[in-house]
Amino acid sequence: MENLDAPAAPSNVPEFSVSELSFALKREIETAFPRVRVRGEISQPSFPRSGHCYFRLKDENAVIDGVCWKGSIPRLGIRIEEGLEVIATGKLTTYAGSSRYQIIVDRLELAGEGALLKLLEDRRKKLQAEGLFDADRKRPLPYLPQTVGVVTSPSGAVIRDILHRLRDRFPCHVLVWPVAVQGEKAAGEVAHAIAGFNALPEDGPVPRPDVLIVARGGGSLEDLWAFNEEIVVRAAANSAIPLISAVGHETDTTLIDFASDRRAPTPTAAAEMAVPVRADLMTETLDYAKRLVGGMTRLLRERSMEVAGLARGLGDPRRLIEERQQRVDVSGERLALAARQLVDRRAQQLSAARLVSPQAVIAAKQQALVAEGRALTRAVDRFKSDALQKYARAFDRLDQLGDRLKRHGSDLLSNGQRQVDQAAKLLESYSFHSVLNRGFALVRDQDGHPVLAAAGTSAGQTISIQFSDGHVGARVTDGAGAPKPVAAPAPPKRRDGGGSQGSLL
C-alpha cells in the first residue's frame, strides 16, 4: 500500500501563479506580434456606454476577438458594421480576465473593391427605402441665381474650373466653403458645409446662396467614399437650397448623386447648369427689344389710322359746344323766371292762410298737461291704497300660517318622539341580551357563528360562551357525532389566578 504521508519527490518544473502565467503569456504574445494585419468579417459588434467597441473577426475556420478604444473609433474612417469584410491593423494581446487573446484595432480597411460595392449597394437600398431619393423631393434650379455656393477643396483644380466657367457664362457672387474631399474628416466637413449654407439668414450680412454645388475631381471608389457616407447623403437630401452634385467624372456614381436635385457629370458641367450664358441672354433680350419696338410701332400706326377714320365721321367740336352753350343760356333765363313766380305764389298762399298764435297753442298744451297730471296723481293714490290693503291682508295671512306651522311642528315632534321611544322599547324586548339577563347563554364557534345544536360541535373544537356579563372560552371534549372514549377523561384542572373559566362540558 502507498504511504500517503511520505513527502513528494522533488521536481525542477517551475511553479507559477495564475496571474504570473497570464502576464507571462501576455508579454510573450505582444513581443512576438507587436503589429499585425488581420483580414476577416466583422461579427457581433457592440457599443457599450464606455464608448469602446467590441467585436469578433471571423473567417470560415476561426474567430478572434477585437476591441477598438473610444479614442481610435473616429480615426478608423469607416463604420464598424455587422458582416463587413475588413482588414484590421493593430496589436495582438491577451485578456487575462477570461484567458483569451484579442487584437486591439487602431485602423480598419475594407477588404477589396467587392466589399466596398456590397456596402455601397446595401446603403443605397436602405436610403432609398427611406425615401431620400424620391423624385418628388427634387427642386428646380433657379434661372438667374444671384449667389452660388460651392462646397469643395480650395486648393484643387475643381474650384478654378468652376470659377472660370461661371466667369465666362454669367459672372455672379460665389461663396466657397473649403472642405476636405478625401480622408477621415471629409464626410463630416461636407455635411457641415451643406448645413451651414442652409443656416445662413436670407437678409444677413453674408448672402444666402440660391444654388449649391458640391464638387470633387475624379478618383477611385475609395477616394470618393466620403460622398457615399450617410451623413453627407442626408445633408444633401435635407438641403432647402437646390443642390447640384458634381463628384468625379461622368462614369463615377456616388450616393449624393441620388439625393441631390441635379447631377452633373463634371464640375464644369455643374457650373453650366447653375447659370445661363450671359451673351445668349443679352442677344435674346436685344431680339425681344427689337420685336417689342417693331410691334409697338405697328400697333401705333394701326391705331392712328383707326382714330383718323373715326374722326372723319364726327362733327365739328366747336359747333357742338356753341349749341350746348346756347341751350344753357336759355335754360338759365327760364330757371330765374320760374323761381320768381314760385316765390310770389307761396307769398300769396301764406297771406291767405289763417295762422294760429303760438301763445294760444302753448297755453292749450299746458292746460292739457295739467289735466293729465291730475289724472295721473289720482291714479297713483288709488293704486297706493289698494296695494297697502293687499299687503296688510297678506301679512295677516302669513301670521296665521306661521302660528299653524308652529302648532303642527310641535305636535309632529311629540308624535315622532313617542314613536321612537316605543320602537326602542320593542327593539330592546327583541334583543338576545334580555334573554341572557334571564340566565341563558349564547354559544359561538371559533369563527364567531352561533351554535344552535349539539350536533354542530365536535370533540376538541374551541367554542365561546357569552353570558350577560361577558365571554368565556371552552373546548368540547365529547362531540355529538364523535365515538365514545373507553375511559372517562380526568377532570380538568382548575387554574388559579386570572378571571378565565375552564371547560363547562
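What follows draws every value from the coordinates through simple rules; no lab data is involved. Note that the structure is predicted; figures quoted are calculated from it, not measured. Cβ placement follows ideal geometry from the backbone for every residue including glycine, while neighbour counts extend to all protein chains displayed.
Structural remarks
- Cα gyration tensor category, rounded, prolate or oblate, for segment 277-341 with a/c compared to 1.5: prolate
- Cα gyration tensor shape for segment 431-483, rounded if a/c is under 1.5, else prolate or oblate: prolate
- Listed residues 274, 336, 183: farthest to the positive end of the dipole of the chain (Cβ charges): 336
- Cα-centre dipole for segment 383-460 with unit charges at Cβ (Lys and Arg positive, Asp and Glu negative), debye to 20: 460
- Tail beyond 20 Å, pair distance distribution of segment 198-309 (Cα, percent): 60
- Separation of the residue 285 and residue 442 label points, Cα + 7 Å toward Cβ, nm: 11.5
- Take the Cα radius of gyration of the chain and divide it by 2.2 N^0.38 Å, N being the number of residues; the result is 2.52.
- In this Cβ point-charge picture (+1 for Lys and Arg, -1 for Asp and Glu), the chain has a dipole of about 3940 debye about its Cα centre.
- Calculated log₁₀ intensity ratio I(q)/I(0) where the Debye formula runs over C-alpha points of segment 18-110, q = 0.21, 0.22, 0.24 Å⁻¹: -1.05, -1.13, -1.27
- Of all aspartates and glutamates in the structure, the ones whose alpha carbon falls short of 19 Å from that of residue 406, not counting any fewer than 8 places away in one chain, are 396.
- Along the axis of the charge dipole computed for the chain (Cβ charges of +1 for Lys and Arg, -1 for Asp and Glu, origin at the Cα centre), the listed residues 98, 292, 449 are led at the positive end by 292.
- Average Cα contact separation per residue, the chain, under 8 Å, 6 or more apart, as relative contact order %: 7
- Placing one equal scatterer on every Cα of segment 124-270 and applying the Debye formula, the log10 ratio I(q)/I(0) at q = 0.13, 0.19, 0.20 Å⁻¹ is -0.51, -1.15, -1.28.
- Among 172, 53, the ranking by other beta carbons within 10 Å of each residue's beta carbon, starting with the fewest, stands as 172, 53.
- The shape of segment 56-114 comes out oblate: with a ≥ b ≥ c from the C-alpha gyration tensor, a/c is at least 1.5 while a/b does not beat b/c.
- Among the listed pairs 70/91; 138/185; 58/125; 70/118, a Cα-Cα separation exceeding 21 Å is found for 138/185; 58/125; 70/118.
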